[in-house]
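Some notes on the structure that comes next.
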Amino acid sequence: MTVRDFQQAFDEKIDKEIAIEPRDWMPDNYRKTLIRQISQHAHSEIIGMLPEGNWITRAPSLRRKAVLLAKVQDEAGHGLYLYSAAETLGISRDEMIEQLHSGKAKYSSIFNYPTTSWADMGAIGWLVDGAAIMNQVALCRTSYGPYARAMVRICKEESFHQRQGYEILLNMSKGTEIQRKMVQESINRWWWPSLMMFGPTDDDSPNTEQSMRWRIKRFTNDELRQRFIDVTVEQCKILGMTLPDPELKWNEERGHYDYGPINWDEFWNVVKGNGPCNKERIATRVKAHEEGAWVRDAALAYSEKQKKRNNKTDHQAA
Ligand code: FAQ
């Protein structure tokens, strides 16, 4: 078969919605795009543990502590499924970690903002996990099999995360005046960065067009952002809170909410490494990696020992 035949077989699979699997032929750029997106997604899950991890020791009750601990552990699991999915494309875990630590690989802008009050645990669950789900439900039908399958399980867990966040805010919004103020203040800080999670506008998104053609992305950045806004406005009404956008208004003709301008200068500044917590997040991650070296060494030594033991048993049995 020639490259053209391989390309034709690949295109047919994409058109017929047949998943591309690790051993299938795929264009180099398809592989490259997937490695970029999946590894950045994995990094986001792992760095995403840090803002909430800060609050585990300060959760206001045993129940809240257990729930938050479980959520942060789930994020670690998501990172691991995603690193494994990326590894099927021919990149090693070490390479990906190196790219994260050296600043070569991106991770979601949202995790470079500080968590300054307990209400932030609610706002992250409701808004950040809410935005993540809106994007990730679509990725359950992404064209690369291992990525799509990882997303199915991740989405099930994310929906619990979103609900636990909303529950925190719902309880606080029925509480004292100070608690209600905390909720509103937190929503005010997280709203715009949550909208930025969907990425630049379609006009400014260099990867969308090709990724849509390859069915890696199933909706554009702006389409998903709009869907998120439409559902979130209604949820906010139930909390009795407001969203910090005076231009938010139902547009009968479009059948969607109109919204005010997003501060893209702030977004690119954060993406380039100059957000409020970028340096702190990477420094914490690198320190954890270095301090965990003995665990990786011990696991490798144990696996070598098991391999030798199994070889010996096989030899004796033969
Ligand atoms: N932050 O051309 P596009 C979670 C970059 S879920 C930083 O539109 P693309 C769960 C982009 O990489 C959060 N960088 O790119 C959780 C590209 O640069 P590059 C993570 C961003 O890939 C919750 C450039 O801008 N979710 O964490 C961002 O077609 C709570 C141009 O952009 C995913 O990763 C951003 N927000 O579309 C965990 C989902 N947006 O790579 C803990 C999978 C864009 O060319 C607690 N990823 N950039 O150098 C995707 O769906 C896509 O990659 C997009 C971006 C939609 C994020």
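The values are calculated or read from the model by the stated rules, or taken from the named source; none is laboratory data. In this text the structure is predicted, and so the values were computed from the model without any measurement. With ideal geometry, Cβ positions are generated from the backbone for all residues, glycine too; neighbour counts draw on all protein chains shown.
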Consider Ser205 carefully, then state whether it is near the ligand (Cβ under 9 Å from one of its atoms) and small (Gly, Ala, Ser).
-> yes
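The rows are residues; the columns are (1) surrounded by fewer than 21 Cβ atoms within 10 Å (Cβ to Cβ); (2) assigned to a helix (DSSP H, G or I); (3) among the basic types (Lys, Arg).
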position	(1), (2), (3)
Glu17	yes, no, no
Thr33	yes, yes, no
Gln40	yes, yes, no
Gln73	yes, yes, no
Ala86	no, yes, no
Ile91	yes, no, no
Gln99	yes, yes, no
Ala105	yes, no, no
Could you please find all residues in region 121-170 being hydroxyl-bearing (Ser, Thr, Tyr) and modelled with pLDDT of 95 or more?
-> Thr142, Ser143, Tyr144, Tyr147, Tyr166
Quick one: count up the residues across region 112-147 that are in a helix (DSSP H, G or I) and within 12 Å of the ligand (Cβ to nearest atom).
-> 21
For region 254-318, which helices (runs of 4 or more DSSP H) that fit wholly inside it have 2 or more residues that are touching a residue at least 24 places away in the same chain (Cβ under 8 Å) and surrounded by 13 or more Cβ atoms within 10 Å (Cβ to Cβ)?
-> 264-269, 278-291
Pairs only if they're at least six apart or on different chains, beta carbon under 7 angstrom, first in region 125-139 and more than 14 Å from Gln226 (Cα to Cα), second within 8 Å of the ligand (Cβ to nearest atom) and modelled with pLDDT under 95; list them, first residue then second.
-> Asp129/Glu158; Gln136/Glu158
Flagged pairs (Cβ under 9 angstrom, 6 or more apart or on separate chains; first in region 77-90, on the phi > 0 side of the Ramachandran plot; second part of a helix (DSSP H, G or I)) are Gly90/Arg31; Gly90/Ile35
Give the residues of region 199-247 that are on the phi > 0 side of the Ramachandran plot and under 21 Å from the mean Cα position of the chain (by Cα), sorted by residue number.
-> Gly199, Arg215
Cβ-Cβ under 8 Å pairs, at least 6 apart or on other chains, region 171-198 side outside any helix (DSSP H, G or I), far side within 16 Å of the ligand (Cβ to nearest atom) and acidic (Asp, Glu) | Phe198/Asp222
